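Structure record follows, encoded as structure tokens.
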């Protein structure tokens, strides 16, 4: 059934300006729909410059998404990267704690040990929130993306996906599924994929 101009006007008038700009950027409208959309945007004082800026921003997001190859990372690479991420902080904190043991009193040693433990826990929880790559993932050229946008994992998503690591085996058993997602990936809506080369 053909949609009339009046129906289009009513539909567009009820949409948010952001949604109208999204329609404008997609460019798959009939001539009539395009004319009515232009009319609605003008009535909202949306300038050509604003439309162009939105389109450019959308193109930049698309380029950023395409910079990620959505091939799922292998279990072997993920496990190896994970163990590197467990050991990496120890290489930093063990010498610090050893130095504290040699140089400071017992109470100071305990404070330094507690601080080291907190920093280690912080790293484990938030390690994937830096452009989607922890130290281990960077070495193995894999990274975490958010499924909804295919963009690098954020700090809040990193926290959600890594808090389930404390379930140990029960968290990792999920990785044997087709999408190779840990329990944490299911909760956070994330995937671990290979990094595009070049």
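No value in this document is a laboratory result; all are computed from the given coordinates. Computed from a prediction, not measured in an experiment: that's the story for all the values here. For neighbour counting, all protein chains shown are included, and Cβ atoms are generated from backbone atoms with ideal geometry for every residue, glycine included.
Relative to the longest principal axis of the Cα atoms of the chain, helix 75-103 runs at roughly 50 degrees.
Modelled spin-label separation between residue 175 and residue 26, with each label point placed 7 Å from Cα along the Cα-to-Cβ direction: 3.8 nm. Taking a ≥ b ≥ c as the square roots of the eigenvalues of the Cα gyration tensor, the stretch 145-198 is classed as oblate, since a/c reaches at least 1.5 and a/b does not exceed b/c.
Where does helix 17-26 land angle-wise versus the long Cα axis of the chain, in degrees 0 to 90, nearest 10? Relative to the chain, helix 17-26 is tipped by roughly 80 degrees.
I'd like the FRET efficiency for residue 16 and residue 121, computed as 1/(1 + (r/R0)^6) with the beta carbon distance as r and R0 of 45 Å, rounded to 0.05. Write down the numbers at each step before the final one.
On the way: r = 41 Å, r/R0 = 0.91.
In this case the efficiency is close to 0.65.
Under the 0.36 nm per residue contour assumption, what length would be gained going from the current alpha-carbon distance of residue 52 and residue 108 to full extension? Between residue 52 and residue 108, full extension yields an extra 14.2 nm. Give the angle, between 0 and 90 degrees and rounded to the nearest 10, that separates the Cα long axis of helix 48-66 from the longest principal axis of the Cα atoms of the chain. So the inclination is approximately 40 degrees. Remark: spin-label model distance residue 165-residue 75 equals 2.0 nm, labels positioned 7 Å along the Cα→Cβ axis.
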